[in-house]
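A.B. asks: Before we start, here is the structure in question, set down as structure tokens.
The values are calculated or read from the model by the stated rules, or taken from the named source; none is laboratory data. A quick note: this is a predicted structure, and the numbers were derived from the prediction, not measured. Glycine gets a Cβ as well: all are built from the backbone with ideal geometry, and neighbour counts include every protein chain shown.
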There are 2 protein chains.
Amino acid sequence: MPPRKTKENAGSLGRPATISDVARLAGVSVGTASKALNGRGSLREETRRRVRSAADELGFQPNTAALTLNSGRTYTVGMITTDTIGRFSIPLMTGAEDSLGAGRMSVFLCDARDDPIREQYYLSTLLSRRVDGIIVTGRRTQARAPIGVDLPVPVVYAFISSTDPRDCSVVPDEAGGARKAVDHLLALGRRRIAHVTGPEHHHSAAVRASAAVQRLAAAGLDLVGAPLFGEWSEAWGRQATGILLGAAEEFDAVFCGSDQIARGVADALRAAGRRVPDDVALVGFDNWDVMALACQPPLTSIDMELEGLGRTAADLLLAAINGEPAPGRHVSPCRLVLRESTAVSVRPGSTRVEQV
Amino acid sequence: MPPRKTKENAGSLGRPATISDVARLAGVSVGTASKALNGRGSLREETRRRVRSAADELGFQPNTAALTLNSGRTYTVGMITTDTIGRFSIPLMTGAEDSLGAGRMSVFLCDARDDPIREQYYLSTLLSRRVDGIIVTGRRTQARAPIGVDLPVPVVYAFISSTDPRDCSVVPDEAGGARKAVDHLLALGRRRIAHVTGPEHHHSAAVRASAAVQRLAAAGLDLVGAPLFGEWSEAWGRQATGILLGAAEEFDAVFCGSDQIARGVADALRAAGRRVPDDVALVGFDNWDVMALACQPPLTSIDMELEGLGRTAADLLLAAINGEPAPGRHVSPCRLVLRESTAVSVRPGSTRVEQV
DNA sequence: GAAAATTAGGAAACCGGTTGCCTTGAGAAC
DNA sequence: GTTCTCAAGGCAACCGGTTTCCTAATTTTC
């Protein structure tokens with residue numbers, strides 16, 4: 001892409017052109033120039049053309065601050081990540097930005113880094129900038145206290161949710177995802193399924209584990225042993241595999257709370273001479289490509305569709321801004337992504353996606 | 001953190017309070033209210049107090065658009081990622097936001113997604129919003145065409161750099177990082193060093209490889225074989241290891257162009273019965289904790305200090321905004337992070353950082 | 001040809017702040 | 001008692017647009 005000589009200084013003023021400059025060049029009044037450029041008022045077509053070409057020549061772009069001042073709208077939203085910008089926030093942000101950009105809105109990025117003071121500082125900054133709305137995200141799906149009450153602008157919680165049920169939250173259906181994982185393993189004929197996941201006090205770990213247990217119970221089955229709660233790391237996956245191998249009970253599948261854990265499990269199983277998926281089928285969670293694809297074999301995983309979630313959140317926010325709020329928890333489904341770690345007849349390298 | 005009843009509606013107007021509301025409540029004129037709140041003019045202390053408490057009561061926060069309109073400054077900068085928000089952008093953004101936030105500036109996030117049209121759209125959006133400055137980042141360090149010429153606001157390129165040497169760019173010293181890696185391996189007594197890295201046409205791969213070769217040459221040594229160019233994946237690391245093992249030449253160290261590659265190499269070496277670091281020492285690049293820590297053994301790696309780079313970029317931008325531009329390429333050093341993949345006597349789990 | 005209708009475009013208020021200048025009033029100086 | 005001085009605070013212009021209202025000129029109508 002060639003560096004484009006921007007029009008900003010095409011007219012060679014030392015500053016951005018204002019509508020007065022345009023009006024002067026076109027030989028009309030400021031009000032007329034405004035009407036000409038916005039298709040308002042009743043003007044001769046020739047006048048409009050003259051104004052437009054003057055605007056082009058000067059590279060005129062209306063000062064957003066002035067527009068804001070008399071419309072009251074900023075066409076700007078704030079996005080606050082309560083913890084840290086990270087692996088989960090990125091697709092959320094990308095998706096949100098996608099929808100918002102289509103609505104010609106810009107996004108203020110605020111990284112609160114788990115600091116309530118910082119969060120409130122950002123909140124007041126955003127409010128003083130008169131953003132049209134706010135999206136709150138976080139790394140954990142657990143519900144959190146509302147960022148403020150009776151705020152003058154709509155707020156949508158994405159991924160994370162608000163403890164106040166009247167707030168609008170968009171969250172992934174983690175329980176549904178876990179059920180899909182279990183159903184898939186059951187459909188493969190596996191009956192002796194173990195579960196290795198993150199810390200017990202972590203909301204996602206708890207939700208996914210209990211959904212898995214319930215689904216098995218509904219099929220008249222028990223989990224092999226209790227869910228193994230630990231940390232969200234490969235090391236824990238390896239360690240937990242040692243525990244499973246050392247126990248009396250046999251197992252033919254492991255559903256893992258994250259792809260990292262699953263990868264640790266895969267490595268440890270291979271080291272122990274168990275074949276995946278032949279001896280043990282493996283399902284991860286997150287569908288984090290870096291992990292899922294590099295794993296040997298590539299991992300079947302649950303995708304929370306975070307980008308879509310971000311888009312949904314943005315759409316709900318835009319709706320709320322336009323006076324049509326949709327309060328409540330909006331649950332969006334997860335998707336099962338099939339790869340070789342549960343595949344009996346899938347060729348290496350191919351990726352099939354379950355039809356939902 | 002308890003949901004705070006924000007002051008925005010404390011005074012129970014249906015809209016954010018304006019300075020007129022404050023003035024009315026305090027029984028003074030608008031101008032006086034402004035002076036009272038900003039410590040200007042000559043007013044009785046009692047009057048100032050009265051105005052301040054009126055402002056508090058109403059939860060007054062000045063409308064940023066109005067401030068912008070008569071100061072000409074927006075206290076806002078744009079951050080354009082030319083490709084995609086990803087692993088490399090995050091620490092950059094975090095660092096930049098850190099410095100900018102300290103300067104009370106807000107950040108507009110723009111994800112151009114490798115689309116020149118989108119990029120120019122964002123650029124013109126930012127300019128019409130009259131941002132005080134722009135930071136351009138990207139996933140690759142390769143120089144790119146300037147985003148625009150003669151822009152009315154300062155621009156700083158971070159990580160990525162501009163082909164125009166008069167532009168201000170902040171880039172990591174990748175060659176220096178590669179030299180540190182080689183020096184470290186030499187200091188360990190390794191003499192038969194191989195290099196596995198990403199695509200030959202990829203700027204980072206080329207720079208790191210040639211710096212490594214040069215450093216070895218300076219020590220009177222050759223690389224074992226030619227640099228193995230491939231892709232930035234674990235799979236390539238494994239594959240390349242196969243090539244190395246199949247070749248006639250022995251090797252006692254591998255310097256890898258990324259942590260992902262290094263991890264693939266580690267896995268393949270282990271599978272082939274070679275011990276790391278005893279038989280083969282291993283150095284990665286990027287110091288991506290997810291990879292470097294989960295690797296067996298944990299990886300020594302080169303850290304580009306992206307967060308610091310982001311801070312530097314932001315600081316340079318702030319300086320430029322304040323009329324002290326610092327044109328040119330600013331190279332910031334990389335850091336060697338020691339872990340077990342090159343450690344002879346480091347205990348498992350510990351991380352030592354080289355003193356620079 | 002004069003009155004009415006229509007059209008083109010200008011003047012000014014307004015959005016919400018800041019700031020320079022001016023007015024008012026009180027106390028000091030004589 | 002009169003003038004001078006200075007502190008305190010009001011008035012209004014300004015930033016850059018939009019919009020309402022009004023005027024002037026042209027065209028239509030009879």
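A.B. asks: Is one or more of the residues making up the stretch B:309-324 crowded, with 19+ Cβ neighbours inside 10 Å and assigned to a loop (DSSP other than H, G, I, E, B)?
C.D. replies: Of the residues in the stretch B:309-324, the ones crowded, with 19+ Cβ neighbours inside 10 Å are B:309-318, B:320-321.
Filter once more, keeping what is assigned to a loop (DSSP other than H, G, I, E, B): none.
Within the stretch B:309-324, not a single residue is crowded, with 19+ Cβ neighbours inside 10 Å and assigned to a loop (DSSP other than H, G, I, E, B).
A.B. asks: Within the stretch A:55-64, track down each residue that is part of a loop (DSSP other than H, G, I, E, B) and more than 12 Å from DNA strand C (Cβ to nearest atom). Walk me through it before giving the result.
C.D. replies: Taking the stretch A:55-64 and keeping what is part of a loop (DSSP other than H, G, I, E, B), we get A:59-63.
Within the stretch A:55-64, A:GLY59, A:PHE60, A:GLN61, A:PRO62 qualify.
A.B. asks: Sticking with this structure for a sec: Of the residues that make up the stretch A:26-36, is at least one within 14 Å of another protein chain (Cβ to nearest Cβ) and within 20 Å of B:SER124 (Cβ to Cβ)?
C.D. replies: Step one: of the stretch A:26-36, the residues within 14 Å of another protein chain (Cβ to nearest Cβ) are none.
Looking for residues that are within 14 Å of another protein chain (Cβ to nearest Cβ) and within 20 Å of B:SER124 (Cβ to Cβ), one finds none in the stretch A:26-36, hence no.
A.B. asks: So A:LEU67 fits all but one of (1) in a helix (DSSP H, G or I); (2) under 30 Å from B:THR18 (Cα atoms); (3) in contact with a Cys (Cβ under 9 Å, 6 or more places away or on another chain); what number is the exception?
C.D. replies: Checking A:LEU67 against (1) in a helix (DSSP H, G or I); (2) under 30 Å from B:THR18 (Cα atoms); (3) in contact with a Cys (Cβ under 9 Å, 6 or more places away or on another chain), the one that fails is (3).
A.B. asks: OK, next. In this structure, is B:ALA212 out of contact with any Asp or Glu (no Cβ under 6 Å at 6 or more places or on another chain) and crowded, with 21+ Cβ neighbours inside 10 Å?
C.D. replies: On the way: out of contact with any Asp or Glu (no Cβ under 6 Å at 6 or more places or on another chain): yes; crowded, with 21+ Cβ neighbours inside 10 Å: yes.
So B:ALA212 passes the test.
Residues checked against (1) away from DNA strand C (no atom under 15 Å from the Cβ); (2) at pLDDT below 90; (3) assigned to a helix (DSSP H, G or I); (4) within 19 Å of the chain's Cα centre (by Cα):
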| residue | (1), (2), (3), (4) |
| --- | --- |
| A:SER12 | yes, yes, no, no |
| A:VAL22 | no, no, yes, no |
| A:ALA33 | no, no, yes, no |
| A:GLY41 | no, yes, no, no |
| A:ARG49 | no, no, yes, no |
| A:SER99 | yes, no, yes, yes |
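A.B. asks: Considering each of B:ALA240, B:ALA206 in turn, give the residue that is surrounded by fewer than 20 Cβ atoms within 10 Å (Cβ to Cβ), free of Cβ contacts under 8 Å to residues at least 60 places away in the same chain, more than 14 Å from chain A (Cβ to nearest Cβ) and at negative phi.
C.D. replies: It is B:ALA206.
Residue by residue, here is whether (1) within 10 Å of another protein chain (Cβ to nearest Cβ); (2) hydroxyl-bearing (Ser, Thr, Tyr) holds:
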| residue | (1), (2) |
| --- | --- |
| A:ARG44 | no, no |
| A:THR47 | no, yes |
| A:GLU57 | no, no |
| A:THR76 | yes, yes |
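A.B. asks: Sticking with this structure for a sec: Give me the helices (runs of 4 or more DSSP H) completely within the stretch B:229-297, filtered to those with at least 3 residues that are among the charged types (D, E, K, R), ordered by residue number.
C.D. replies: Details: elements: B:234-246, B:259-271, B:289-294.
Where helices (runs of 4 or more DSSP H) fall fully within the stretch B:229-297 and carry at least 3 residues being among the charged types (D, E, K, R), they are B:259-271.
A.B. asks: Moving on. Among the residues that make up the stretch B:79-86, is at least one of them at pLDDT 85 or above and either hydroxyl-bearing (Ser, Thr, Tyr) or within 16 Å of DNA strand C (Cβ to nearest atom) (or both)?
C.D. replies: Taking the stretch B:79-86 first, the residues at pLDDT 85 or above are B:79-82.
After this cut, where a residue has to be either hydroxyl-bearing (Ser, Thr, Tyr) or within 16 Å of DNA strand C (Cβ to nearest atom) (or both) as well, the list is B:81-82.
Within the stretch B:79-86 (the criterion being at pLDDT 85 or above and either hydroxyl-bearing (Ser, Thr, Tyr) or within 16 Å of DNA strand C (Cβ to nearest atom) (or both)), the answer is yes, since at least one residue qualifies.
A.B. asks: Moving on to the next point. Here's a check for you: in the stretch B:46-70, which residue that is among the β-branched types (Val, Ile, Thr) and closer than 29 Å to B:PRO154 by Cα is nearest to DNA strand D (Cβ to nearest atom)?
C.D. replies: Keep residues of the stretch B:46-70 that are among the β-branched types (Val, Ile, Thr), which gives B:47, B:51, B:64, B:68.
Next, only the ones that are closer than 29 Å to B:PRO154 by Cα stay: B:64, B:68.
Details: B:THR64: 12, B:THR68: 9 Å.
Checking each candidate, the answer is B:THR68.
A.B. asks: Looking only at the stretch A:97-133, which residues are more than 7 Å from chain B (Cβ to nearest Cβ) and touching a residue at least 60 places away in the same chain (Cβ under 8 Å)? Can you show your working first?
C.D. replies: Applying the first criterion (more than 7 Å from chain B (Cβ to nearest Cβ)) to the stretch A:97-133 yields A:98-105, A:110, A:112-115, A:117-119, A:121-123, A:126, A:131-133.
Within the stretch A:97-133, A:ASP98, A:SER99, A:LEU100, A:GLY103, A:MET105, A:ASP132, A:GLY133 meet the criteria.
A.B. asks: Output the number of the condition that A:ARG73 fails; it satisfies all remaining conditions of (1) among the basic types (Lys, Arg); (2) within 16 Å of DNA strand D (Cβ to nearest atom); (3) farther than 30 Å from A:ASP21 by Cβ.
C.D. replies: Result: A:ARG73 fails condition (3) only.
A.B. asks: Before we move on, is A:GLU234 crowded, with 24+ Cβ neighbours inside 10 Å and out of contact with any strand residue (DSSP E or B) (no Cβ under 9 Å at 6 or more places or on another chain)? Don't jump to the end; show me each part of the working.
C.D. replies: Values: crowded, with 24+ Cβ neighbours inside 10 Å: yes; out of contact with any strand residue (DSSP E or B) (no Cβ under 9 Å at 6 or more places or on another chain): yes.
Yes; evaluated as a whole, the condition is true for this residue.
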